[in-house]
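The values are calculated or read from the model by the stated rules, or taken from the named source; none is laboratory data. In this text, all values refer to a predicted model and were calculated from it rather than measured experimentally. Note: ideal-geometry Cβ built from the backbone for every residue, glycine included; neighbour counts use all protein chains shown.
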Amino acid sequence: MTIKVGDNIPVMKLMIATPEGPKETSTDEIFKDKKVVLFAVPGAFTPTCSARHLPGFVQNADAILAKGVDTIVCMSVNDAFVMGAWGKDQGVGDKVVMLADGSGAFTKSLGLELDLIARGLGMRSQRFVLIAQDMKVTHLGVEPPGGFDVSKAETVLAEL
């Protein structure tokens, strides 16, 4: 079942990419007592994700944070090493937390997995964005296959 507005973020352990390397974290650490924008992409270094999705959030980070957001998170079903390399390649600095859902367990718990096995990419995440306040989802936008409208930074900025 897909997570929906009003649902709580599942409590789970995840990995984030840091300048010092992968670090274990939890959804509690990320979401508890905070307003968070989390956007998910099908894969690090993939065309739309690298050319438009992540760069849009980096470019609009200050405006998004000015709307009362504490943290902007980019998540992908990739390992923390890949997410760290992608963040460095994209120049995210401290504007966006690069969250690795390496096994896809968190994505699956949200009901937002995407089967790309036939295309050689395995199980991934759908392209989506959610806004959460203190662990509770207040907004969810899930893209249709191939879409890039409801989860882009400019749409999130208007939603805030």
Selection over the stretch 7-28 where residues are among the aliphatic types (A, V, I, L, M) and under 16 Å from G93 (Cα atoms) yields a count of 2
Mind checking which residues of the stretch 43-97 are among the aliphatic types (A, V, I, L, M), under 15 Å from the mean Cα position of the chain (by Cα) and closer than 18 Å to R124 by Cβ? A44, L54, V73, M75, V77, A80, V82, M83
Boolean, V97 is closer than 18 Å to G141 by Cα and surrounded by 20 or more Cβ atoms within 10 Å (Cβ to Cβ): no
Within the stretch 1-36, take every residue that is of a type in the set (K, R) and in a strand (DSSP E or B) and give me the one that is nearest to A132 (Cα to Cα). K35
Going by the conditions given, is A40 among the aliphatic types (A, V, I, L, M), assigned to a loop (DSSP other than H, G, I, E, B), surrounded by 20 or more Cβ atoms within 10 Å (Cβ to Cβ) and in contact with a Phe, Trp or Tyr (Cβ under 8 Å, 6 or more places away or on another chain)? no
Given the conditions (1) out of contact with any Phe, Trp or Tyr (no Cβ under 9 Å at 6 or more places or on another chain); (2) buried (at least 20 other Cβ atoms within 10 Å of the Cβ), and given that F57 satisfies all but one, which numbered condition is not satisfied? (1)
Given the conditions (1) more than 17 Å from K152 (Cα to Cα); (2) surrounded by 16 or more Cβ atoms within 10 Å (Cβ to Cβ), every one holds for D70 apart from (2)
Qualifying residue in the stretch 18-25 (condition: at pLDDT 95 or above and of a type outside the set (D, E)): yes
